[in-house]
Structure formats: C-alpha cells, structure tokens
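Bear in mind that the values in this text are calculations on the coordinates, not laboratory data. Bear in mind that the values here come from a model prediction, so they are computed numbers and not experimental data. Counting neighbours? That spans all protein chains shown, and the Cβs are built from the backbone with ideal geometry, glycine included.
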Amino acid sequence: MSLIDLRSDTLTMPTPAMREAAMAAEVGDDGRTGPSGKGEDPSVNCLEDRGAELMGKEAGLFFPSGTLANFAAVLTHCVRGDKVVVDPDLHLVRTEKAAFMDRFGGLTPVWYTRDKDEMPVADSFAKACSEGVRLACLENTHNYAGGTCTSLARMRELYAIASQKSVPVHLDGARIFNASLALGVSASDIASCADSVQFCLSKGLGAPVGSLLCGTREFITAARETRKYLGGVMRQAGMVAAPALKALETGITRLAEDHENARLLGQGISGFPGIRLASVQTNIVMLNVAESGQTAPWFENVLKEYGVLAKAMGNDHLRFTTYRGIKADDIKKAVAAFHAFIKENEGVLAQWSSMSSSYQQTP
Ligand SMILES: Cc1ncc(COP(=O)(O)O)c(C=O)c1O
C-alpha cells in the first residue's frame, strides 16, 4: 500500500532545479566575515539579501533550521533571566523550549492568550508587556492552532502596543508566506509588525535546508555573533543556499495549491461526531479528537494502517499538512481512507451516539 504522507510540509523534496543549483553553486567560507560584515559565500549572501528584501528588512542571516534561528533571535534580544511575552502554544515554547530552559536560555515566559479565532488577545498582550519585559514573540501562521493566521490589523495593533512600551517583537514566521497568501497581504506587511522575523525555507517553499532571520543591520550583526557561539555557522553553505534561492523563486506562488488541497481535505474529513475541525486557513488541517474516546496518538497509529500518515500533536490534536508532493488525487484517496478508517473503527469510537447531540462542529 502506498502511503499518503501528511505529517509535515518539511517532507517537501528538492526539485531537479534545486539539485542543479546546489551542484552549480558558487561557494566560499560563510563563517569568515569581510569588511562589509557579510560572510564569504556569495550564494549565501545572495539568499540573505533576497530574504531581507522580501521581509522589508535591512539584512538577513542564514541558519540551518528555524529552531536555531528563533533561538539565536531571542538570545540576541535578551539576556538570561529576562522576561519574554509568549503564548504557551508558540512553537518556540512547546517544541523548541531551549530559550526557556534554565540550562540554556534561562528566560522567563509571561503569557498572553488567544481568542476564538486563534489570534493574540490585544488586552492580554498589553497586560503581559508590562514593565521589565524584554521581548514579545508572535507566530504567524500559528502551527499548534492549526495553521491559522493573525490578521494584519491585529498584528499592527499588537506591534503598536509593544512599541509604545518599548518592547521589541520577534515574529516566528516559519510559514509567513502561507499567512501572506491567506490574508492577501505581502509578507513584508506582516513582517513590518516585528523587529525581527524568522521564516523557514525548508517547509512549504521546498528547500532542502534552512531558515532566514531578518531585521535591522545592527540586529543581524549581533545575531551573526550569537549564531557563531551556538555553533550555527555552516561553511560552504552555498550548496544549500542556492537551492533555497530557487525555493524563493518558485515556491511562494505555488502555496495556493497546498491551501486548496488542505481545504478539500478539511471538507472531506469533517462532520464526524467527537472530532472537531479547526478553521482551515492555510496548509494545515487540525482535528481535535479529545471527545472521540481515543487519543491523537491512537488515531495516528491506526490511520497509518489505512495508508495515511498524520501527526499527533499532544494527546488531543491530529495534524495533516499539505505540501508540494501532495496532489489533489492524494487528497481524494486520503479522504476515502479516512472514511474507511472511521467506519471500521466505529466500535472503539463508541461514545459517539451518546454525545452526537451535544456535538458542535467548528466551521
Ligand atoms: C512555527 C514553527 N516555527 C519554527 C519551526 C522550526 O523549524 P525547524 O524545523 O527548521 O527547526 C517550526 C517547525 O515545524 C514551526 O512549525
């Protein structure tokens, strides 16, 4: 049985053009900085400049991963013991963690909440940005919330609040181009609501490796030093920067196909009692299975037997992600497999009949 792998958009494979670009890349030692403050790898420099341009920032810096770019950004803004305003479901908090671990970043989180549309609540954010806070972090699209977007109006409101309190903002824009497409605004409009922004090249854009951190020239110079201390320097990184540049050329506009596939998938697997579908806005379909009588890891394991790979996010949430390798036909097959899975497991999803009357589906 061939598997339809919807675990993550990090599964996107490099295109032939990306592989060719890697082979042909002009390279140098990116760890050696010249008088301009840039490294000596021309392909990396080209990628960093293009990334910064797309974000509307002065400068960019290439990292091997989004995790390291976020960590370096936070450590560049802060010193150990500082308070950082976050939502408990940020990737930085739930998955990456290191910034808030005593043995690594040693930072203290100050929480804000999200509203029913999964956007940060302005009042709660304002309250969290109290005296003594060093940084505020946002995420757009929001991964754990199911790839949902924070509107540009809300982003502006939050940035105005933080700026008024002299709190800089770091944006985890791992999927900022998905947000840009869904909101119908440019990525630089979204990034203009943050002092620093990280975006991933290796997710829906399809590059094999890497993330870019963008901000002012001064900030990026400091972040370059942080990256060095964290061991994040990659030497002839042009080998991966050149395909990433291709990803920026070709990967952004085609995200629309992923969004459409996610919409079709969401439509196809919605409506079952005990399984709530989060609003499908981008390339992520998130099911809340808390009321189904089974856990998300159980769903993940059993669904695999039907040829569909999804990812359990904690005990309650099951995530499906679309990306370039997934076609509309795969979505049709995944929907059919999901229906067969439900039908054949109705017995273990037993409580359904008793609770279907109270069941309310999120559109
Ligand atoms: C929102 C968000 N931020 C950051 C990252 C980290 O990126 P990487 O896997 O490149 O470390 C991810 C990865 O899934 C993510 O979803």
Along the Cα→Cβ direction, 7 angstrom out, place labels at residue 108 and residue 290. What is the inter-label distance in nm?
2.9
Run the reach check for residue 116 against lysines, Cα to Cα strictly under 24 Å, same-chain hits fewer than 8 apart removed. What comes back?
127, 311
Taking 0.36 nm per residue of separation and subtracting the Cα-Cα distance, what length does fully extending residue 19 through residue 316 add?
103.1 nm
Along the stretch 276-292, Karplus-curve 3J(HN,Hα) (6.51, -1.76, 1.60; θ = phi - 60°) to the nearest Hz, with x for Gly and Pro, reads 9, 9, 6, 4, 8, 10, 9, 9, 10, 10, 10, 9, 9, 9, 4, 9, 8
For the pair residue 130 and residue 260, what calculated FRET efficiency results from E = 1/(1 + (r/R0)^6), where r is the Cβ-Cβ distance and R0 = 45 Å, to the nearest 0.05?
0.60
Taking 0.36 nm per residue of sequence separation and subtracting the Cα-Cα distance, how much length would be gained by fully extending the chain between residue 301 and residue 101, in nm to one decimal?
68.9 nm
Here FRET efficiency (C-beta to C-beta, residue 217 to residue 339, R₀ 51 Å, nearest 0.05) is 0.40
Those lysines that a straight Cα-Cα span of less than 25 Å connects to residue 228, excepting residues fewer than 8 apart in one chain
38, 57, 83, 97, 203
Using amide H atoms built in the peptide plane, which far-off residues or other-chain residues are under 5 Å from residue 114 H to H?
121
Can you list the aspartates and glutamates whose alpha carbon is less than 15 Å from that of residue 332, not counting same-chain residues fewer than 8 positions off?
5, 257, 258, 260
Do the sum for the chain: with -39,500 (n - 2.57) for every DSSP H run of n ≥ 4, divided by all residues, what is the mean residue ellipticity at 222 nm, to the nearest 500 deg cm²/dmol?
-11500 deg cm²/dmol
I want the antiparallel fraction of DSSP beta bridges within the stretch 15-250, as a percent rounded to 5.
45
